[in-house]
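Visitor: Provided herewith is a single structure, encoded as structure tokens, for subsequent inquiry.
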Amino acid sequence: MSDIGAKPEPIEVRFRGGGFAPKPHRWIGVIVFVVLIIVAEWGTRSGWISPLTLPRPSDVLATFGELWESGLLLKHLVPSLSRLAIGAAIGASFGIGVGILMGLFSYVRAGSVPLVAAIFPIPKIALLPLFVIWFGIDEASKYALIAFGTFTPTVVATYGAVDNVDRSLIRMGQSFDLSWFSIVRKIVVPGAMPGILSGLRISLSIAIILLVAAEMLGAEYGIGAYILEAGSLYDLERLFAGVVILSVLGVLLSMTIGLIERRVLRWRS
Amino acid sequence: MDIRLDAISHSYGDTEVLRDISLDIPTGRVVCLVGPSGCGKSTLLRLIGGLERATKGHILQLGTPPEGCLNPLTYVFQDFALLPWRSVWGNISLVLEDHGIKGAHANAIIADVLARTRLSDFSHALPRQLSGGMKQRVAIARALAVKPAVMLMDEPLSALDSQTRELLMDDLVSLWTRQPFTAVYVTHNLAEAVRLGHRIVVLSRRPGEIRDIVEIDRPLEGRGHGDRALEDTQRHLWDLMRDEARAADEELLDV
């Protein structure tokens with residue numbers, strides 16, 4: 001450390017603490033989309049991408065315009081949205097309810113953990129014929145499919161979230177003689193809310209996937225029916241127009257949950 | 001209202017944590033429980049407040065709690081145990097809501113306890129905005145709101161830095177001086193014990209037994225820094241505890 005004689009040149013300490021701290025960059029996502037679309041447009045125009053591989057984005061846009069002008073867009077969108085809303089609402093509320101019960105009661109948990117584990121990996125699409133037999137070919141079977149698909153991930157997320165609620169807060173509630181119901185309502189549920197909401201992000205995306213599956217049978221109108229019809233005709237422009245609608249739906253749902261998170265979980269950050 | 005511990009023993013499975021503890025907690029006095037880590041002092045506090053059931057022995061309330069007392073045995077926890085999604089006001093209101101106290105009556109109680117803990121300006125702040133010392137003052141305000149007969153304080157200052165600890169000790173002394181309360185105060189810090197305790201109960205290492213009970217007659221507000229008599233008491237307590245603490249430190253936890 002202390003060499004006598006020649007003093008070495010001072011060296012600046014090298015900074016090595018960077019990275020591993022993601023920051024929000026709002027516009028990069030938009031730029032990625034725009035670049036991809038421009039590449040696709042340019043590629044299909046110059047013939048470098050054959051029109052059989054990928055439809056031209058401007059054609060998809062034109063198809064979208066026709067859909068809007070003919071009024072078919074709403075005709076497809078309204079039944080799909082109502083199926084999505086009703087199905088997902090049933091599935092999510094049952095999922096949250098059962099998940100909370102599983103988190104609170106050890107018998108319910110012991111009984112349903114294996115059951116949920118058995119149900120989770122079943123591709124719900126495979127059960128569509130069963131639901132048609134049980135609930136008929138009308139709307140009820142579509143609600144059931146979407147509800148069932150959203151139920152399982154919601155249950156798993158909720159029960160994990162309830163499990164993670166700080167036990168010392170529950171102890172505190174008991175020490176102040178709060179009633180059981182008060183403890184659940186004022187301590188357990190708000191404490192589990194972050195986990196429940198991040199679970200909802202996943203289950204609502206799954207609900208959109210299942211919407212297309214649900215409209216495979218007995219649906220005249222609906223985004224899913226529209227996509228499936230275009231697919232069987234190999235009409236790529238319409239297929240893409242439908243897919244874009246689903247993507248936009250997904251982005252909107254995720255933004256909505258983000259908004260809810262920011263309001264309900266303001267106490268975190 | 002006094003509390004009497006009658007031959008309390010407690011074990012977790014085969015591990016005996018407390019053995020034959022008999023103790024009186026008289027009204028209006030602060031009883032400190034000190035002892036080496038793992039001697040069962042926090043367990044004893046949970047037994048007193050009914051959060052755990054003793055394997056043997058009884059915990060008795062002598063007399064009735066004072067008028068207007070909502071929750072006779074009220075805890076102040078080491079980790080504060082505040083709901084992070086409720087404001088200071090909401091955290092105190094939480095413990096009143098279940099007693100049907102709402103509106104103007106609740107506002108009056110909350111304003112009073114916030115004033116007593118010097119928190120009136122922070123009633124709308126969220127716990128994450130508060131310093132550790134302020135969080136613990138909120139927890140103390142919450143405990144005062146239910147007008148407890150006995151406060152059960154589980155190392156209330158141990159999560160705080162030493163300066164904050166000094167300030168809060170002053171706060172506790174002035175709270176007690178203005179309106180004496182009964183408390184069982186668990187700590188591993190002997191300086192806190194001689195500063196705040198009227199009666200100091202020294203527990204041995206596991207299984208915890210009462211090794212000695214030291215009474216300090218000097219009034220709380222008269223106890224300052226550099227007080228010879230208090231220092232002697234503290235040294236005496238440390239002499240009692242040193243070997244126990246060393247032995248406890250060298251024990252394996254899961255034997």
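Visitor: Among A:Gly191, A:Gly231, which is surrounded by fewer than 18 Cβ atoms within 10 Å (Cβ to Cβ), assigned to a helix (DSSP H, G or I), free of Cβ contacts under 8 Å to residues at least 40 places away in the same chain and small (Gly, Ala, Ser)?
Guide: Being surrounded by fewer than 18 Cβ atoms within 10 Å (Cβ to Cβ), assigned to a helix (DSSP H, G or I), free of Cβ contacts under 8 Å to residues at least 40 places away in the same chain and small (Gly, Ala, Ser) holds for just one of A:Gly191, A:Gly231, which is A:Gly231.
Visitor: Could I ask something else about it? Would you say B:Val88 is aliphatic (A, V, I, L, M), in contact with a strand residue (DSSP E or B) (Cβ under 6 Å, 6 or more places away or on another chain) and within 14 Å of another protein chain (Cβ to nearest Cβ)?
Guide: Taking the combined requirement at face value, the residue does not satisfy it.
Visitor: Next question, about the same structure. Quick one: how many residues across region A:174-183 are more than 8 Å from every other protein chain (Cβ to nearest Cβ) and touching a helix residue (DSSP H, G or I) at 6+ places or on another chain (Cβ under 7 Å)?
Guide: 1
Visitor: Considering only helices (runs of 4 or more DSSP H) fully contained in region B:73-158, which possess at least 3 residues that are under 16 Å from the mean Cα position of the chain (by Cα)?
Guide: Result: B:132-145.
Visitor: Can you name the condition, by its number, that A:Ile11 falls short on among (1) under 26 Å from the mean Cα position of the chain (by Cα); (2) farther than 26 Å from A:Leu210 by Cβ; (3) not small (Gly, Ala, Ser)?
Guide: Only one criterion in (1) under 26 Å from the mean Cα position of the chain (by Cα); (2) farther than 26 Å from A:Leu210 by Cβ; (3) not small (Gly, Ala, Ser) is unmet by A:Ile11, namely (1).
Visitor: Test of understanding: among B:Val202, B:Val173, which residue is of a type in the set (Val, Ile, Thr) and not in a helix (DSSP H, G or I)?
Guide: B:Val202
Visitor: Checking A:Leu130 against (1) crowded, with 19+ Cβ neighbours inside 10 Å; (2) under 30 Å from A:Ala219 (Cβ atoms); (3) of a type in the set (A, V, I, L, M), only one condition comes out false. Which one?
Guide: (1)
Visitor: Also: Name every residue in region B:9-27 that is modelled with pLDDT under 90 and within 16 Å of B:Gln61 (Cβ to Cβ), in order of residue number.
Guide: none
Visitor: What residue, among those in region B:208-218 that are more than 15 Å from B:Leu5 (Cβ to Cβ) and either touching a residue at least 24 places away in the same chain (Cβ under 8 Å) or within 16 Å of the chain's Cα centre (by Cα) (or both), is surrounded by the fewest Cβ atoms within 10 Å (Cβ to Cβ)?
Guide: Going through the qualifying residues, I end up with B:Asp212.
Visitor: With respect to B:Ile21, is the statement that it is under 21 Å from B:Glu251 (Cβ atoms), surrounded by 20 or more Cβ atoms within 10 Å (Cβ to Cβ) and not aromatic (Phe, Trp, Tyr) true?
Guide: Answer is yes for this residue.
Rundown of residues vs (1) of a type in the set (A, V, I, L, M); (2) within 23 Å of the chain's Cα centre (by Cα); (3) surrounded by 12 or more Cβ atoms within 10 Å (Cβ to Cβ); (4) assigned to a loop (DSSP other than H, G, I, E, B), yes/no style:
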| site | (1), (2), (3), (4) |
| --- | --- |
| A:Gly18 | no, no, no, yes |
| A:Ala21 | yes, no, no, yes |
| A:Val32 | yes, yes, no, no |
| A:Thr53 | no, no, no, yes |
| A:Asp59 | no, no, yes, no |
| A:Leu81 | yes, yes, yes, no |
| A:Ala92 | yes, yes, yes, no |
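Visitor: Limited to region B:29-53, what total is found for residues that are part of a loop (DSSP other than H, G, I, E, B) and at pLDDT 90 or above?
Guide: 6
Visitor: Which condition breaks for A:Ile206 when tested against (1) over 28 Å from B:Thr74 (Cα atoms); (2) surrounded by fewer than 18 Cβ atoms within 10 Å (Cβ to Cβ); (3) without any contact (Cβ under 8 Å) to a residue 60 or more places away in the chain?
Guide: The one condition A:Ile206 does not meet is (2).
Visitor: Tell me, which residue of region B:55-70 that is modelled with pLDDT of 90 or more and in a loop (DSSP other than H, G, I, E, B) is farthest from the other protein chains (Cβ to nearest Cβ)?
Guide: Here the answer is B:Thr55.
Visitor: Scan region A:155-173 for residues that are part of a helix (DSSP H, G or I), more than 7 Å from every other protein chain (Cβ to nearest Cβ), farther than 15 Å from B:Ile92 by Cα and not hydrophobic (A, V, I, L, M, F, W, C) and report the count.
Guide: Total meeting the criteria: 5.
Visitor: If you don't mind, there's one more thing I want to ask. Would you mention how many residues in region B:1-18 are touching a strand residue (DSSP E or B) at 6+ places or on another chain (Cβ under 8 Å), surrounded by fewer than 17 Cβ atoms within 10 Å (Cβ to Cβ) and hydroxyl-bearing (Ser, Thr, Tyr)?
Guide: So the count comes out to 1.
The values are calculated or read from the model by the stated rules, or taken from the named source; none is laboratory data. Since the structure is predicted, the reported quantities are computational estimates derived from the model, not experimental observations. In this analysis, Cβ positions are derived from the backbone assuming ideal geometry, glycine residues included, and neighbour counts consider all displayed protein chains.
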